[in-house]
1. Applying a 10 Å radius around every beta-carbon, put 101-110, 120-129 in order of their mean neighbour count, most first.
2. Highest mean first, how do 130-138, 77-85 rank when packing is the count of other Cβ atoms within 10 Å averaged over residues?
3. What is the dipole size for region 76-153, taken about its Cα centre, with +1 at each Lys and Arg Cβ and -1 at each Asp and Glu Cβ, in debye to the nearest 20?
4. Please list the non-local residues whose amide H lies under 5 Å from the amide H of G150, H modeled 1.01 Å from N, same-chain partners needing a gap of 5 or more.
5. Please list 3J(HN,Hα) in residue order for region 135-150, calculated via the Karplus relation 6.51 cos²θ - 1.76 cosθ + 1.60 where θ = phi - 60°; whole Hz, with x for glycine and proline.
6. Skipping prolines and chain starts, which residues have an amide H placed within reach, meaning under 5 Å, of the one on M86, given they are 5 or more residues away or on another chain?
7. What number comes out for the charge environment of R3, summing +1 per Lys or Arg and -1 per Asp or Glu over other residues with Cβ under 10 Å away?
8. Determine the sum of side-chain charges near G136: Lys and Arg each +1, Asp and Glu each -1, restricted to other residues whose C-beta is under 14 angstrom from that of G136.
Amino acid sequence: MFRLAIIGRPNVGKSTLFNKLTGKKLAIVDNRPGITRDWQSSKAFLYELEFELIDTAGLEESFNDSIEGRMRKQTESALGHADAAMMMVDARDGITPMDRHFADWLRGQNIPVILVANKCDTKAARSGIYEAYELGLGEPVPMSAEHGHGFSDLHEILKPYVEKAAKDAGPDPADEDD
Ligand code: GDP
Ligand code: MG
C-alpha cells in the first residue's frame, strides 16, 4: 500500500490533515512525560483512494537536541517508512527559514515530494502560495486541511502513486489485501 509521510515545521496543519484523512484523533505524544513518539501512521481515505498516512510530531516538544538535528532525525525516521513525502507549509505565514531548511534537505533525499500550501481559506494566504514556489519543490497545491479545500487536487496528484503501488504489489486473486 502506498505510504505518504506528512512533514513540515510545527503548526502548519499536519495533524489536522492526518485526522481528516484517517478519521482518527490520536495524540502523537506518549503517556510518559518527556517522551514523544516521532511519528504515527494510519490507513487514510481520499475519495476512492486508500493509502497509509504518516504524521510527524511537533518539534517544540523536544529540548534535548537542536531543532534542526531533531527535525532531520524525525523526518528521516518517517521518510524511511514512506514512498513519498508531503511537505506542508502555512500559506498565511508565508515561507519561513525553517521551511527553507526543510526544503533544502528534502531536495537531497531520494523521494518524490508533494508540496502543499495549507490554510488557504483566507486572502492572506495568497502571497504565501507564490512564495512557496521559491522552495524549488514544484508547484504548491493550495489547500485548507481544516475546511477540506483542495482535496480534489490532492486526489489527482496522489492517484497515480496509489495506483502504481497497487500495481507493483501485484494482482490479488483472493482479494484479501491488507
Ligand atoms: P501541526 O503542528 O503541523 O500538526 O499542526 P496542527 O494540525 O496541530 O494545526 C495547527 C493549528 O493550525 C491548529 O490550530 C489548527 O486548527 C490550525 N489549522 C490547521 N489546518 C488549518 C487550515 O486549513 N486553515 C486554518 N485557518 N487553520 C488551520
Ligand atoms: Mg501535529
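1. 120-129, 101-110
2. Going from most to least packed, we get 77-85, 130-138.
3. Computed charge dipole of region 76-153: roughly 160 debye.
4. Under 5 Å from the amide H of G150: S144.
5. With the stated coefficients, region 135-150 comes to 6, x, 10, x, 6, x, 8, x, 8, 10, 4, 5, 9, x, 7, x Hz.
6. Answer set, sorted by chain and number: A5, I6, I7, I114.
7. -2
8. Taking every Cβ under 14 Å from that of G136, the sum is -3.
Just so you know, all these numbers are worked out from the coordinates, no wet-lab data involved. Just so we're clear, the structure is a prediction, and the values are computed from it rather than from any experiment. So basically every Cβ, Gly included, is an ideal-geometry build from the backbone, and we count neighbours across all protein chains shown.
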